[in-house]
Amino acid sequence: MEFRYLFQFYIACLLLNIVALPICYKLFGRMRDGGVIVGKTIGLYLCGYLMWLLSSCHILKFSTLNSILCILLVAICCYGPIAYSCIKYTKSESVVAPSDTKSKTKYKSDNATNAANTQRKPRSVNDDSLGFFEYIKANYRAFIIGELIFFAMFLALNWIFAHRIPGSDTERMMDLGFMNSIYITDYMPPMDMWSAGKAINYYYFGQYIITYLTKISFIPVGYGYTFGLYLIAAWVFTAVFRLVQTISGSRVAGVLSSVAVVFAGNVHYIVFSKIVPFFWDILQLEGEKPSYWFANSTRYIGYVPEVEKDKTIHEFPSYSFIIGDLHAHVVDLLIVVTILTLLWVYLCYIKENVKKDSNLLKTCVNPYTVLIAFLLGISSMSNYWDLPIYYVVAGSIILFGMISTIGLCKEVPFFVGLSGIFIYMLNLLVALPFNLKFDKMVEGIGVVSRRSLLHQYLFLWGFPVILSAIFIAIVLKKKRFNEKILYVILLALCATGLTLIPEFVFVKDIYIDGFPRANTMFKLSYEAFVMFGIVMGCMISYIYKLSKEANGFEAYQYKKIAVIALLILLWTSCYSITAIKSWIRDYSSDNWQGFDASKTIRENNSLEMNAIDSLVEIVEASDEKQPVVLEADGDSYTNTCKVSVLTGYPTVLGWHTHEWLWHNSHSYMESRRIDVESIYSGEDIDQKKSLVEKYGIDYIYVGLKEYEKYEIVQNYLLEQLGEVVYCEACDSGEIIEIIKVTH
């Protein structure tokens, strides 16, 4: 059954890829594979966004049938013009040739001339005269190879991580709760499962898009969570490979960049996992030898040495995939790599089509800028940090692409300015339904009072920054400059800038007192890692090629740089091997846990699963959609709030710190905490009734966590609020109850 679900999920991804092929044909033909791999994300986000938009506007409910209908609508829009062209071409072919001999001779002569001209003219995948079916014919092998790579990676990652399913020790409960709430909602925005009466005030679109894919796959949410997570990893690996292969012309470079983005860690791993223990043993130092846990490479600045008021976060994709969080920055990797691929083909478009006398409007408003704006709009709803980051990256590529094409002239500011305004306004329009119902959680920009120590910065970012500096110096020396080198340099500079920003300023949020720049460093450096990873293979490949062209000592220098960079990259990539061994430990068949992301949560609450499953049956039988179910609140990253997580039914208050962050208010969270405690342990029945009405509570759940959290649970008073619809005695003496409130 589990592997059947996996294949259903994969088939749904393949279907969305096929839907978007006409867009790939028009916009991504410059890619080595014709851009077919990008079709997965383009198709997913076009169909998913259409469903979300219609649901947000209360036009269609978010259902499986309507989700499939949206696929059909997008497919008609994509394939309609092609079908029309085919019909038109068929009709034109059916026109009878002139009957007289002279006309026939001329007709044949013209056809022969046209055929000869066609043969003399070289045709390529990006040639507008190449038809869609020729495009498919030219790229079907690349499409099949890409799918095989993707599926092999997808299957392997799911198999590996089916040997450990995290519980509350990561943010899996939050992400799973989002998906369950989204899955059962009719109209967007979905209800916050941890704040009854409120919509999710967080960037939920990433979880929504995986839930959308889960619906059209006809599989349970727990499986959709797991498959969605490793869909991202497998797709990013394949897409980065194709992007870098196109830029560098080298498969090896493509593999290196894919490994750098998906599997690599940072130099901190090499230093503290390998070098420090090695010299500790060689020098026979006294004291306890430092140990290494793979999470240490994401929690270094502020921890070693410990700085109480400056603890930071600097995660990267491989760590995210290993711990298994389907969080905003992880899901948005689909958008990030698609945007960076789109910016590459748009840079090529600028180099080929823009001239000083070009039509200003056509240059700035075209399918490329429309798609860039659309993806940025999606990004602002999935992980808002990526909007300003990639808006600047896009602006840099457009600006320097224009300058390198038409020179530093007066037309450039107009071209870039109009493009920027158009992209920004369209991006706002795309995200408008989301922003109208969303309150931002930031309070401005602050100036840092503490900065990272130099050796700390170098352990984390020294390798890619120094390699980028060497690469730029070599390019300037060789004076070889084209769109490929421009693209690599701009990404490297943007990535370097992202690592430096948290050393000077930070975005104010609820962590300002103890961890002021933690979130800023986390979100900026995460994107820096991705961009550095993409250009890593390009830079190493370029420098190595130069070593073959040069002579003597210069060739030796280039080869030495390339080899050293390659070895460091491969060594940092061993981070994933170390981390997976530490995280999973046991790969035996006895430790197989499967693909259901909710399994550990269910096992940790096994004594209460009958009650929770019965609650779902009761709700479904009564045709209620998303009732409010009161349960005990709790601290973040604890095994609490399992009812709301597993069902998607909202409760009054869930994980404290998360709700504090989402509403940017400690008092909001605290007032709800007090009210929940009053309902369970208070002795005033009238107060209980008032609070039940205040939050619209439909069911009251009394389970083991409720008995554990509150010294006295007033069961007899709670039962006066309605009817007991479930009751079960535990071996420990507690009675698990579900009370349906009478309003």
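The values are calculated or read from the model by the stated rules, or taken from the named source; none is laboratory data. Note that the structure is a prediction, hence the values are computed from the model and not measured. Neighbour counts are summed over all protein chains in view; Cβ atoms, including those assigned to glycine, are modelled from backbone coordinates with ideal geometry.
Out of the residues in the range 171-191 that are touching an Asp or Glu at 6+ places or on another chain (Cβ under 8 Å) and buried (at least 24 other Cβ atoms within 10 Å of the Cβ), which is farthest from residue 6 (Cα to Cα)?
Filtering first and then ranking leaves 181.
Within the bounds of the range 522-529, is there any residue that is among the aliphatic types (A, V, I, L, M), touching a residue at least 12 places away in the same chain (Cβ under 8 Å) and surrounded by 18 or more Cβ atoms within 10 Å (Cβ to Cβ)?
Yes, that holds for at least one residue.
Among the numbered criteria (1) of a type in the set (Ser, Thr, Tyr); (2) in a helix (DSSP H, G or I); (3) farther than 30 Å from residue 442 by Cα, which one does residue 587 miss?
Going through the list (1) of a type in the set (Ser, Thr, Tyr); (2) in a helix (DSSP H, G or I); (3) farther than 30 Å from residue 442 by Cα, residue 587 breaks only (2).
Matching residues to (1) out of contact with any Leu (no Cβ under 7 Å at 6 or more places or on another chain); (2) outside any helix (DSSP H, G or I); (3) charged (D, E, K, R):
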position	(1), (2), (3)
25	yes, no, no
32	yes, yes, yes
37	yes, no, no
43	no, no, no
46	yes, no, no
52	yes, no, no
65	yes, no, no
70	no, no, no
79	yes, no, no
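If residue 161 meets every condition in (1) at pLDDT 85 or above; (2) surrounded by fewer than 19 Cβ atoms within 10 Å (Cβ to Cβ) apart from one, which number is that one?
Every condition holds for residue 161 apart from (2).
Just checking: which of the strands (runs of 3 or more DSSP E) contained wholly in the range 629-743 hold 3 or more residues that are under 19 Å from residue 197 (Cβ atoms)? If you could, list the steps in order and put the result at the bottom.
On the way: elements: 697-702, 722-729, 735-741.
By residue number, 697-702.
Looking for whichever is surrounded by 24 or more Cβ atoms within 10 Å (Cβ to Cβ), over 18 Å from the mean Cα position of the chain (by Cα) and either within 30 Å of residue 431 (Cβ to Cβ) or in the same structural domain as residue 39 (by TED's automatic domain parsing) (or both) here; the options are 144, 149, 232, 200. Which one fits? Working first, answer last.
On the way: 144 fails: surrounded by 24 or more Cβ atoms within 10 Å (Cβ to Cβ); 149 fails: surrounded by 24 or more Cβ atoms within 10 Å (Cβ to Cβ); 232 fails: over 18 Å from the mean Cα position of the chain (by Cα).
Unique residue meeting the criteria: 200.
Can you report the number of residues in the range 46-66 which are surrounded by fewer than 24 Cβ atoms within 10 Å (Cβ to Cβ), in contact (Cβ under 8 Å) with a residue 60 or more places away in the chain and within 20 Å of the chain's Cα centre (by Cα)?
2
Let me confirm something: among 547, 541, which residue is of a type outside the set (A, V, I, L, M, F, W, C), buried (at least 16 other Cβ atoms within 10 Å of the Cβ) and modelled with pLDDT under 95? Don't jump to the end; show me each part of the working.
Numbers: 541 fails: modelled with pLDDT under 95.
None of the others qualify; the one that does is 547.
Residue by residue, here is whether (1) over 26 Å from residue 330 (Cβ atoms); (2) part of a loop (DSSP other than H, G, I, E, B); (3) out of contact with any Cys (no Cβ under 8 Å at 6 or more places or on another chain) holds:
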{"residue": "352", "(1), (2), (3)": "yes, no, yes"}
{"residue": "358", "(1), (2), (3)": "yes, yes, yes"}
{"residue": "361", "(1), (2), (3)": "yes, no, yes"}
{"residue": "370", "(1), (2), (3)": "yes, no, yes"}
{"residue": "381", "(1), (2), (3)": "no, no, yes"}
{"residue": "391", "(1), (2), (3)": "no, no, yes"}
{"residue": "395", "(1), (2), (3)": "no, no, yes"}
{"residue": "402", "(1), (2), (3)": "yes, no, yes"}
{"residue": "416", "(1), (2), (3)": "yes, no, yes"}
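Can you say whether residue 577 is of a type outside the set (Gly, Ala, Ser), in contact with a His (Cβ under 8 Å, 6 or more places away or on another chain) and either within 25 Å of residue 265 (Cβ to Cβ) or at pLDDT 95 or above (or both), as far as the supplied structure shows?
no
Kindly indicate whether any position in the range 443-454 is buried (at least 20 other Cβ atoms within 10 Å of the Cβ) and in a loop (DSSP other than H, G, I, E, B).
Within the range 443-454, one or more residues are buried (at least 20 other Cβ atoms within 10 Å of the Cβ) and in a loop (DSSP other than H, G, I, E, B).
Of the conditions (1) touching a His at 6+ places or on another chain (Cβ under 7 Å); (2) free of Cβ contacts under 8 Å to residues at least 24 places away in the same chain, residue 300 satisfies every one except a single condition; which number is it?
(2)
Given the options 681, 690, name the one that is polar (S, T, N, Q), surrounded by fewer than 15 Cβ atoms within 10 Å (Cβ to Cβ) and more than 27 Å from residue 207 (Cβ to Cβ). I'd like the intermediate steps shown before the answer.
Numbers: 681 fails: surrounded by fewer than 15 Cβ atoms within 10 Å (Cβ to Cβ).
After applying the criteria, what remains is 690.
Do we have any residue at all in the range 702-724 that's touching a helix residue (DSSP H, G or I) at 6+ places or on another chain (Cβ under 7 Å), buried (at least 21 other Cβ atoms within 10 Å of the Cβ) and either of a type in the set (S, T, N, Q) or touching a residue at least 40 places away in the same chain (Cβ under 8 Å) (or both)?
Scanning the range 702-724, I find at least one residue that is touching a helix residue (DSSP H, G or I) at 6+ places or on another chain (Cβ under 7 Å), buried (at least 21 other Cβ atoms within 10 Å of the Cβ) and either of a type in the set (S, T, N, Q) or touching a residue at least 40 places away in the same chain (Cβ under 8 Å) (or both), so the answer is yes.
Quick one: which residue in 200, 160 is touching a helix residue (DSSP H, G or I) at 6+ places or on another chain (Cβ under 9 Å) and more than 29 Å from residue 590 (Cα to Cα)?
Values: 160 fails: more than 29 Å from residue 590 (Cα to Cα).
It is 200.
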